[in-house]
Amino acid sequence: MKKTFLTIITLLGITATSIAQENAIGIRLNENNGFGAEITYQRDLSKENRIEANLGFKNQGYSRYGAYSYDQREVKLTGLYHWVFDIKDGFRWFVGPGAGIGSWKASSYYNTNSGRYEDRNGLYLIVAANGGIEYNFDFPLRLAVDVRPELYISSEYKDITDRGFGPNVGVSARYRF
């Protein structure tokens, strides 16, 4: 009787765990003014709402206008809020706003105002929107494709990006737990 009771409790616990997977952690690969990767975490607030945090890294060499080149390193933290909608059989789509902060450093950057090469660095703020489609497997894996247009607010960062805007298209894989 004791073994039967423990078996039932264990099975109920496993079933509840497989149904209530509120967290997801993984990696997001993106192309936004150069290839980058992000560590990503999602927390479901309800079936229709969740929050997401991403810590991104980029180390990229650039050649501008065919005349000079420089190296750029970045790290950024982005937070997003998602409204999530069911499509069918594990497919869902999501959309929502976001914000973040980033740090950048450009080595051997050619300053067109001074006519000299110099190292530059700074901080920038991010205002973002996010939308995409995802698939949740029967086992704890979530795959997604999304677009996150980002507006960068900084006095200097827009000089080395596309006028302070980045399209940020990405693919991600997350383990749900």
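Among Ser107, Ser154, a tally of other beta-carbon atoms within 10 Å of each Cβ gives an order, fewest to most, of Ser107, Ser154. The length gained by stretching the chain between Tyr117 and Ile153 to full extension, at 0.36 nm per residue less their Cα-Cα distance, is 10.6 nm.
The HN-Hα couplings worked out from phi for the range 73-80 by the Karplus form 6.51 cos²θ - 1.76 cosθ + 1.60 (θ = phi - 60°) are 10, 9, 9, 8, 10, 10, x, 10 Hz, whole numbers, x standing for Gly and Pro.
By other beta-carbon atoms within 10 Å, ranking Glu52, Glu22 with the fewest at the front produces Glu22, Glu52.
Since every read-out is calculated from the coordinates, none of them should be taken as a lab result. Fair warning: this is a prediction, and the values are worked out from it, not measured in the lab. We place every Cβ from the backbone using ideal geometry, glycine too, and count neighbours over all the protein chains shown.
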